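A.B. asks: One structure coming up, written as structure tokens, with questions to follow.
The values are calculated or read from the model by the stated rules, or taken from the named source; none is laboratory data. Keep in mind that this is a model prediction, so the values were computed, not measured. When we count neighbours, we look across all protein chains shown, and the Cβ atoms used for this are built from the backbone with ideal geometry, even at glycine. Areas reflect the complete protein model, heavy atoms only, side chains present, ligands, DNA and RNA absent. Shrake-Rupley method; radii C 1.70, N 1.55, O 1.52, S 1.80 Å.
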Amino acid sequence: MKNLLPDWTGTSLDERLELCRDLVEDTEFPTVHQWKEQGGRVLGHFQVYFPEEIAHAAGLLAVKVRGAQLETRQAESHFGSYLCSILKSSLEAALSNKLPLDYFVSHPICDAARNLAAIWGRNLSYPAQVLYLPQNSRSAAAPEYLREEYRRLADDLGGVSDASLAESIAVYNRGRELLEELYRIKRETPWLLPVDEAYVLVALAGLIPRPEYNTFLEATLPLLRQRPARKTDKVRVVWEGGFCEQPPLDMLRAVARSCYVVDDDLLIGLRYILGQVPLDGDPWANLARAYLEQSSYSPVQRDEQRPKEAMLLQRIRDCGAEAAILAAAKMCEPGLDEQVAYSKTLDEEGIAYFVSEFEERMTSFDQVQIQLETFVENLVFD
Amino acid sequence: MTETIVGRGASRGGALFRDWFQEISQASERDRKTAYVFVMGSLGEILRAFDLLPIFPEINSLQTAVRRVAHDFLARAEDYGYSPDICGYVKADVAVQLAGGEHPMGRIPRPSLAIATNACNTYIKWAEIWERMHHCPVFTLDIPGSRSASFDEMPGSPGFERDRLYVQRQLEELVGLCQSITGRELSLDRLRQTMAHTNEMSRCWKEVIALNRSRPACFDALTEGTIYLGVLNALRGTEQGEIYFRELLEEMQHRVAHGLGTLHEEKYRLMFLGVPCYPLFRRFHEMFAEWGGTFVSSTYLWFAAGGMDAGFQYDLERPLESLAQGVLRSVRRAMDSMFFPSQPILRAAEEFGLDGVVFHPIKSCRTVSTGLADVRRDVMERCDMPSLTIESDMMDRRVVSEAQLKNRIDAFFEGLASRRLRAAGKE
């Protein structure tokens, strides 16, 4: 297969960021079409986490289905009211064939999204299925169950050998190193990498094959480090609430004008496994255990040993943030539920926070920006 | 006989329900251990075997709506910080918890344990709220559902056995947790006893539902059905529950034998999809009954029974293994009736002689409501069945408009009437 990105060698950092921005915002998903034109098969996986290693090992392009800035002309009639936008825009992308898939997988992350595989199955000709990731993640039986669930999925994709899965894990391990490096830059030198730019660099991972992505990031991270940007007195914040529906890029830009977002949960599914998945032994068990035991957190994954509010506090402390932005997508039940727990905990800990709701189709950000600037001023002059 | 038997299920159901609430109210005074559970996967058999009193916060919440005081509870939870856009059941319960358990039907004790299955994601988020408020142990039970509409893993197949084993291992862990909470060992004989009670309740429930194929229908699936459902959940795994359902079956058989329906004249046989509109519970039913519409079937009687409509019979010789199989099959069936209901609707259309299907998506419950518009499209493509979609809520009267509902319902029946006239003209 040919590379899906246009030749970027020798281009400047700004040109590469523009390339990422264009691809991430392009509602025609050109890289996916290119892959298909070359005869490749595409697996679309809905938020939040999906073991892309398996799809990659089966020879499919794993694409993150994360909504799009689309008018939901067809999808609207398949849903009722009171639902978040990402469901509708994701289905619209599929129904309109802007996002052409050969396979769709969703995980029951929330009451609304757990209906998606069924809706997909009723309306699109390719297979659509649910991957049941454990919610009883501390059960002694969970690792073996998940291993078998991964094998079931792989069989459904046409089969994956142990060796090819191990190779795929190695490729993704390299990707994890690079993404960790990207977040280190954001945390240690946030003036070099505003949140909107970091976002597009991460989101690209959900649009192209991981080996190609790794090569791109390997060549681009050094340019970020050398960037001639000056540190300013912006407030260091954590953004929480980007695990599923994504805020518009313009909203992140508005945030970046007054804050350094030093850590976040934007597209956390692409960065869910922390560190390296072991390469020795049974690759299926290794991948399953990594999800259960060395992963990040999100409001849609239960783990009694890692309460979400404690994890948020740890995130804030680890990155030296002074405050948090507690965002939630409109109509996002898990996000809105968690906002309450987060805000009560931050109150107890005396950590300042800014509560906000967003929608992927928002077009006006003046108010958010003014409110955020006021919040920041209060922090600075408090 | 007719005078004493007809209506017995509703009146005794109401009385049993009040007794159950009294038992709940007295639990803290008597220092009785309790478990907060949900209707899809309540595990009453295990809990009753440990003498843990099951409490259903879903039922507590809907009672506030039926009693028309839900708005006070919702407002309290929203003042605390919860969004207007989340599940109304959760908010009403949060308000009850914040008020120290004060509830219109009694006092809800704090939980010794909470069990949440993954049949509804809000169950898990809700249990996390209790975990934070009461620092109680929360057990999350994974019950892998159907992976797609064509998923057909039957007992004995490798896939089913893998899932069953996962459920069984978790049930064994739950037993260990119950032992540590109650300080007693599990008595397998006691477990067999509770499972035997559930067996009989399930068998009767399946038959009761099937008897509504008769003309006229022997009960209204929305109103009377909800009362029966309450007893089914509250008294699952008990002798009282078994006796109640035997008698209910007897009543329904009597009604069918004597041609006793629920309306003066049953003109239209309808199926209901979704969760009832509890803020207007009686009135909602009347808007259909006034036109001679009876709900003969409802997915609510399937999923809110945790799939007990399948009539699964536990094998008492191998209790835990069979319990795992029953929980997996029943709860999976409950989930299927929400996510993949097209086939069951088409089957019901034939078996129950449906004249129409009513889809009732609500703001508060996205599990049930998200796919309904799409299911309607699918069913309409596959059969010539009139349907109606009306939106309201199970808790929040701010999004329930009686006038709008009535307009839509009246127009639906006018359509059904003219369709019938046209059909008669063709003949």
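A.B. asks: Among the residues in the range B:347-357, are any within 28 Å of B:THR117 (Cα to Cα), more than 10 Å from every other protein chain (Cβ to nearest Cβ) and touching a residue at least 24 places away in the same chain (Cβ under 8 Å)?
C.D. replies: yes
A.B. asks: Continuing with this model, one more query. I need a count of the residues in the range A:335-354 that are β-branched (Val, Ile, Thr) and either more than 9 Å from every other protein chain (Cβ to nearest Cβ) or farther than 28 Å from A:SER89 by Cα (or both).
C.D. replies: 2
A.B. asks: Can you tell me which residue in the range B:110-128 is farthest from the other protein chains (Cβ to nearest Cβ), limited to those that are more than 25 Å from B:CYS277 (Cα to Cα) and either open to solvent by 10 Å² or more (accessible area, probe 1.4 Å) or in a strand (DSSP E or B) (or both)?
C.D. replies: B:ARG110
A.B. asks: Quick check on the range B:355-365. Is at least one of its residues of a type in the set (Phe, Trp, Tyr) and in a loop (DSSP other than H, G, I, E, B)?
C.D. replies: Looking through the range B:355-365, none of the residues is of a type in the set (Phe, Trp, Tyr) and in a loop (DSSP other than H, G, I, E, B).
A.B. asks: Search the range A:179-198 for residues that are basic (Lys, Arg) and pair each with any residue that is assigned to a helix (DSSP H, G or I) when their beta-carbon atoms are under 6 Å apart and the residues are at least 6 apart or on different chains.
C.D. replies: A:LYS186/A:ALA198
A.B. asks: Out of (1) within 25 Å of A:ALA117 (Cβ to Cβ); (2) away from chain A (no Cβ under 13 Å); (3) crowded, with 24+ Cβ neighbours inside 10 Å, the odd one out for B:CYS87 is which?
C.D. replies: Status for B:CYS87: all satisfied but (2).
A.B. asks: Can you spot a residue in the range A:358-375 that is among the acidic types (Asp, Glu), part of a helix (DSSP H, G or I), surrounded by fewer than 15 Cβ atoms within 10 Å (Cβ to Cβ) and more than 13 Å from chain B (Cβ to nearest Cβ)?
C.D. replies: yes
A.B. asks: Kindly check whether there is at least one residue in the range A:204-211 that is farther than 29 Å from A:ALA341 by Cα, out of contact with any helix residue (DSSP H, G or I) (no Cβ under 8 Å at 6 or more places or on another chain) and among the small types (Gly, Ala, Ser).
C.D. replies: no
A.B. asks: With a cut-off of at least 2 residues that are charged (D, E, K, R) and surrounded by 18 or more Cβ atoms within 10 Å (Cβ to Cβ), name the helices (runs of 4 or more DSSP H) lying wholly within the range B:1-72.
C.D. replies: Result: B:44-49.
A.B. asks: If a residue must be open to solvent by less than 40 Å² (accessible area, probe 1.4 Å) and either in a helix (DSSP H, G or I) or away from every other protein chain (no Cβ under 14 Å) (or both), how many such residues does the range B:313-345 contain? I'd like the intermediate steps shown before the answer.
C.D. replies: Of the residues in the range B:313-345, the ones open to solvent by less than 40 Å² (accessible area, probe 1.4 Å) are B:314, B:319-320, B:322-328, B:330-332, B:334-335, B:337-342, B:344-345.
Okay, now just the ones that are also either in a helix (DSSP H, G or I) or away from every other protein chain (no Cβ under 14 Å) (or both), so B:314, B:319-320, B:322-328, B:330-332, B:334-335, B:337-339, B:342, B:344-345.
Of the residues in that region, 21 qualify.
Yes/no per residue for (1) more than 20 Å from the chain's Cα centre (by Cα); (2) over 29 Å from B:LEU62 (Cα atoms); (3) assigned to a loop (DSSP other than H, G, I, E, B); (4) away from every other protein chain (no Cβ under 14 Å):
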{"site": "B:GLU172", "(1), (2), (3), (4)": "yes, yes, no, no"}
{"site": "B:ASP189", "(1), (2), (3), (4)": "yes, yes, no, yes"}
{"site": "B:GLN193", "(1), (2), (3), (4)": "yes, yes, no, yes"}
{"site": "B:ALA210", "(1), (2), (3), (4)": "no, no, no, yes"}
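A.B. asks: Sticking with this one: Being open to solvent by less than 20 Å² (accessible area, probe 1.4 Å), more than 8 Å from chain A (Cβ to nearest Cβ) and either among the charged types (D, E, K, R) or part of a loop (DSSP other than H, G, I, E, B) (or both) is the filter here, so list the residues in the range B:129-143 that pass it.
C.D. replies: Across the range B:129-143, the qualifying residues are B:CYS136, B:ILE143.
A.B. asks: Here's a follow-up. Could you tell me which numbered condition A:LYS330 fails, if it satisfies all but one of (1) within 29 Å of B:HIS135 (Cα to Cα); (2) within 9 Å of chain B (Cβ to nearest Cβ); (3) not aromatic (Phe, Trp, Tyr)?
C.D. replies: Among (1) within 29 Å of B:HIS135 (Cα to Cα); (2) within 9 Å of chain B (Cβ to nearest Cβ); (3) not aromatic (Phe, Trp, Tyr), A:LYS330 violates only (1).
A.B. asks: A:PRO211: over 19 Å from A:TYR291 (Cα atoms) and in contact with a His (Cβ under 9 Å, 6 or more places away or on another chain), yes or no?
C.D. replies: On the way: over 19 Å from A:TYR291 (Cα atoms): yes; in contact with a His (Cβ under 9 Å, 6 or more places away or on another chain): yes.
So A:PRO211 passes the test.
A.B. asks: Name the single residue, out of those in the range A:320-348 being part of a helix (DSSP H, G or I) and under 18 Å from A:ASN378 (Cα atoms), that is least open to solvent (accessible area, probe 1.4 Å).
C.D. replies: Only one residue fits best here, namely A:LEU346.
A.B. asks: Another question, if that's okay. Quick one: how many residues across the range B:379-413 are among the small types (Gly, Ala, Ser), touching a residue at least 24 places away in the same chain (Cβ under 8 Å) and out of contact with any Leu (no Cβ under 8 Å at 6 or more places or on another chain)?
C.D. replies: At the first step, the residues of the range B:379-413 found to be among the small types (Gly, Ala, Ser) are B:387, B:392, B:401, B:403, B:411.
Filter once more, so that each one left must be touching a residue at least 24 places away in the same chain (Cβ under 8 Å): B:387, B:392.
Then drop every residue that is not out of contact with any Leu (no Cβ under 8 Å at 6 or more places or on another chain), which leaves B:387.
The qualifying residues number 1.
A.B. asks: For the range B:149-166, enumerate the residues that are of a type in the set (Ser, Thr, Tyr) and assigned to a loop (DSSP other than H, G, I, E, B). I'd like the intermediate steps shown before the answer.
C.D. replies: If we filter the range B:149-166 for residues that are of a type in the set (Ser, Thr, Tyr), which is where we start, we get B:150, B:157, B:166.
Selection gives B:SER150, B:SER157.
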